Amino acid sequence: MSKSRGYAALSAKAALVPYIFERREPRAHDVVIEIRYCGICHTDIHQARNEWNDYLEESIFPMVPGHEIAGVVTAVGNKVTKYKVGDKVGVGCFVDSCRKCAECRSGLEQYCTVRTIWTYNARDDEGQPTYGGYSDRIVADENYVLGMPEHLPLDACAPLLCAGITLYSPLRHWQAGAGKKVAIIGLGGLGHMGVKLAHALGAEVTVLSHSLKKQADGKRLGADHFYATSDPETFSRLKGSFDLIINTVSAQIDWNEYLALLKVGGTMVVVGLPEKNIPIGAFALTGARRSLAGSQIGGIRETQEMLDFCGKHGITCDVEVIPIQKVNEAYERVLKSDVRYRFVIDMASL
Ligand code: NAP
Ligand code: ZN
Ligand code: ZN
């Protein structure tokens, strides 16, 4: 074991504070990564505040959050073949899985039927807590480490590891592309990547945001249309419009209203994770053979594909880089939708 420094929540809802903890010694297939940047995902806040205990196990404290990790390899185990010292690499939401089940074998490790080992707020194969990226370094198996786009800035690429893949995966699975009308609900960290990626895939993109405040940004990011959901007119005007809607909202909104915006046979994919259940009426689905679906991040192979796609198309996240001492303030600003469009911690400040 060796010491690592970071920021942790010591209990649910407590402010994050400086924290020293142990990381494992690198094994034969491990790489040691000096973390340069880590994005702040809304999931970090949900978990640090133990908001999902209706669905998941209680959060594990002390918790070092962070799963949008970008850095540089500083050491490798003696059997590592994929990476070498100096490579720009990333770690996303998980650091291991069973590797044997049908899902793992088909590259869907995020749906491992045995156990996906999450980057933080989980226990590793030895029962030790995992600690995330609000810290100076991480040790991870090479098979769960990603290669970052060589020619794009590392800070603006860090959030691709969660926000990017969480939108890329459903956009690809439900075939967003030329001739398809796609709506993104919520222009936050996930939503703004949805706009950029759906646009790059060739779809006609609409943003459904709670006000028109972010309209100019939406258009700049690649949206063709932008509507405020606080205006009831939006729902009558857009009835039956979309092939695909991706809902990134973290709050309780009425999903039935949005289902009505789908064409016959359209699909709404939920990626945002509100604290409480949202009731759905059967008629919202049956009348037009609509589907309500969900999606969770993406597997390692698809995450690498997304990073390569972003490298090729020059796609990065719009980030506000902050020192780690401002993490608690950043959390409050995320909750107020006051971020354009992802906070990224500069780990040099640690
Ligand atoms: P975020 O940056 O806070 O964005 C959420 C957006 O939702 C806000 O920018 C806002 O957009 C909208 N919103 C917030 N409160 C609202 C309200 N009361 N009514 C209507 N709209 C509201 O969060 P994020 O990091 O993108 O994450 C979004 C959600 O996805 C979180 O619940 C997170 O846990 C979840 N998530 C899921 C996955 C997955 O794999 N499924 C992965 C990562 C994150 P407007 O200002 O445009 O309305
Ligand atoms: Zn995330
Ligand atoms: Zn598995």
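The values are calculated or read from the model by the stated rules, or taken from the named source; none is laboratory data. Here the structure is a predicted model, which means the values were calculated and not measured. Using ideal geometry, Cβ is built from the backbone for each residue, glycine included, and neighbour counts are taken over all protein chains shown. Quick note on the areas: whole protein, heavy atoms, side chains included, nothing else; ligands and nucleic acids left out. Shrake-Rupley method; radii C 1.70, N 1.55, O 1.52, S 1.80 Å.
Starting from the Cα of Glu332, step 7 Å along the direction of its Cβ; do the same at Arg123; then give the gap between the two resulting points in nm.
It is 3.6 nm.
Which angle from 0 to 90°, rounded to the nearest 10, does the C-alpha axis of helix 189-200 make with the longest principal axis of the chain?
Between the helix axis and the principal axis of the chain, the angle is about 70 degrees.
Kindly write out, for region 82-87 in residue order, the coupling ³J(HN,Hα) from the Karplus curve 6.51 cos²θ - 1.76 cosθ + 1.60 (θ = phi - 60°), rounded to whole Hz, with x marking Gly and Pro.
7, 10, 9, 3, x, 5
What lysines could a cross-link reach from Lys82, if we take a straight Cα to Cα line under 22 Å and drop same-chain neighbours fewer than 8 places away?
Output for Lys82: Lys100, Lys312.
For a Förster distance of 22 Å, can you work out the FRET efficiency between the beta-carbons of Arg105 and Leu56, rounded to the nearest 0.05?
Details: r = 25 Å, r/R0 = 1.14.
The formula returns an efficiency of 0.30 here.
Ratio of Rg to Rh for the chain, alpha carbon only, Kirkwood? The partial results should precede the final answer.
Working: Rg = 19.7 Å, Rh = 20.5 Å.
On the Cα set of the chain, Rg over Rh gives 0.96.
If we sort 99-107, 270-278 on the protection proxy, mean other Cβ atoms within 10 Å, highest first, what's the order?
Values: 99-107: 14.0, 270-278: 15.7.
So the order, starting with the most tightly packed, is 270-278, 99-107.
So what's Rg/Rh here for region 76-204, counting alpha carbon atoms and using the Kirkwood radius for Rh?
Numbers: Rg = 16.5 Å, Rh = 16.5 Å.
Across region 76-204, the Cα-based Rg/Rh ratio is 1.00.
Give me log10 I(q)/I(0) at q = 0.15, 0.17 Å⁻¹ for region 164-294, Debye formula, one equal scatterer per alpha-carbon, no solvent.
Debye curve over Cα of region 164-294, log10 I(q)/I(0) at q = 0.15, 0.17 Å⁻¹: -0.62, -0.81.
Once R0 is set to 51 Å, what does the formula 1/(1 + (r/R0)^6) return for the Cβ-Cβ distance between Glu22 and Arg237, expressed as a FRET efficiency to the nearest 0.05?
Numbers: r = 57 Å, r/R0 = 1.11.
After rounding, the FRET efficiency stands at 0.35.
How large is the accessible surface per residue of region 12-75, computed with a 1.4 Å probe and reported in Å² as a whole number?
Details: 2560 Å² over 64 residues.
Counting only protein heavy atoms, the per-residue value for region 12-75 is 40 Å².
Under a 1.4 angstrom probe, counting protein chains only, how are Val344, Val249 ranked by accessible area, largest first?
Numbers: Val344 0, Val249 30 Å².
Output order, biggest surface exposure first: Val249, Val344.
How tilted is helix 300-313 with respect to the longest principal axis of the chain? Cα atoms for both, answer in degrees (0 to 90, nearest 10).
So the inclination is approximately 70 degrees.
How big is region 270-350 by Rg and Dmax over its Cα atoms, in Å?
18.3, 55
Round to a whole number: what % of the accessible area of the chain belongs to carbon and sulfur, probe 1.4 Å? Can you show the working numbers first?
On the way: 7610 of 14900 Å².
Whole-percent figure for carbon plus sulfur exposure: 51.
Per residue, what accessible area does region 182-313 have, given a 1.4 Å probe and all protein chains present, in Å²?
Numbers: 5730 Å² over 132 residues.
Value for region 182-313: 43 Å² per residue.
Between region 155-198 and region 42-61, what's the alpha-carbon centroid distance in Å?
24 Å
So who's got an amide H within less than 5 Å of the one on Gly222, skipping anything under 5 residues away but keeping other chains? H placed 1.01 Å off N, in plane.
Counting only residues 5 or more places away or on other chains, the set is empty.
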